[in-house]
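Take a look at the structure set out below.
The values are calculated or read from the model by the stated rules, or taken from the named source; none is laboratory data. Predicted model only: the values in this text are computed from it and were never measured. Here Cβ is always computed from backbone atoms with ideal geometry, including for glycine, and neighbour counts include all displayed protein chains.
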Amino acid sequence: MILLQISAGQGPMECCKAVGLALNMINKQCLDKGIKLDVVETITAKERECYKSVLLQLDSTPEDGARQVALSWQGAMLWVCQSQYRPKHKRKNWFFSGQMYDIDDSQLDNSVTFQTCRASGAGGQHVNTTDSAVRATHTATGMSVRVESERSQHANKRLAKAILLQKLEATKLATMTQQEKKRWQQHWQVERGDPVKTFKGEKFILSHERSVSKGAMI
């Protein structure tokens, strides 16, 4: 399973806008290459088409096509543009980042359990009469996620599994040793100084791109 997370981190609205623009570009790139793209999870910002984070699942046959696209978006990226939200603001450099997760989900099939429940709407009202919502739980850690965004139980199960696997991988990074964290931070600082992609202007035109080694930031 190839997952790609694009994040604005703690950046301001301009960085969230860059994530939205990147999402549009990734969608077009996948369409051109015949790669199936699913938006697994989004964390929206206050402004329209702005996101603090998006989690994507890319599928292709063979899988290398999806892997290479996701890998090309891994690392720190820079959008150089006058702020659309603060016209008089002097800053024009807005950073955001990408992280690819290449997960062998078949190894976790026996360690993830699923429970179905009825999806609910605002005020606790049921949005349908079937048990379409799904809770996925990783039995070894107790970590769980609940998904009810789709109408079918099958679709919610697929999304719940993808989100759970991404959170498990992210947890691994959070529990690294101090030495590993130091290496990670050093790498991140280098990446910010030499972004893998640089975009310019309101039209989000790619002006610079450098290759990323397969093992970077995984």
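Between S111, S60, which is under 27 Å from S149 (Cα atoms) and assigned by TED's automatic domain parsing to the domain that holds A155?
None of the other options fit; the residue is S111.
If you check K157 against the conditions, is it of a type in the set (D, E, K, R), part of a helix (DSSP H, G or I) and at pLDDT 80 or above? So that I can check it myself, show each step before the final result.
Numbers: of a type in the set (D, E, K, R): yes; part of a helix (DSSP H, G or I): yes; at pLDDT 80 or above: yes.
Here the answer is yes, as K157 does meet what is asked.
Regarding S53, is this residue touching a residue at least 24 places away in the same chain (Cβ under 8 Å), part of a loop (DSSP other than H, G, I, E, B) and touching a strand residue (DSSP E or B) at 6+ places or on another chain (Cβ under 9 Å)?
The answer is no for S53.
Does at least one position in region 64-73 carry a residue that is closer than 20 Å to R158 by Cα, under 12 Å from the mean Cα position of the chain (by Cα), part of a strand (DSSP E or B) and not assigned by TED's automatic domain parsing to the domain that holds S149?
Scanning region 64-73 turns up no residue that is closer than 20 Å to R158 by Cα, under 12 Å from the mean Cα position of the chain (by Cα), part of a strand (DSSP E or B) and not assigned by TED's automatic domain parsing to the domain that holds S149.
Looking at region 58-81 only, could you name the residues that are in contact (Cβ under 8 Å) with a residue 60 or more places away in the chain and polar (S, T, N, Q)?
S72, Q74 - these are the residues of region 58-81 that are in contact (Cβ under 8 Å) with a residue 60 or more places away in the chain and polar (S, T, N, Q).
Given the condition at positive phi, surrounded by fewer than 22 Cβ atoms within 10 Å (Cβ to Cβ) and not assigned by TED's automatic domain parsing to the domain that holds Q166, answer yes or no: does some residue in region 44-55 qualify?
Yes; the residues of region 44-55 include at least one that is at positive phi, surrounded by fewer than 22 Cβ atoms within 10 Å (Cβ to Cβ) and not assigned by TED's automatic domain parsing to the domain that holds Q166.
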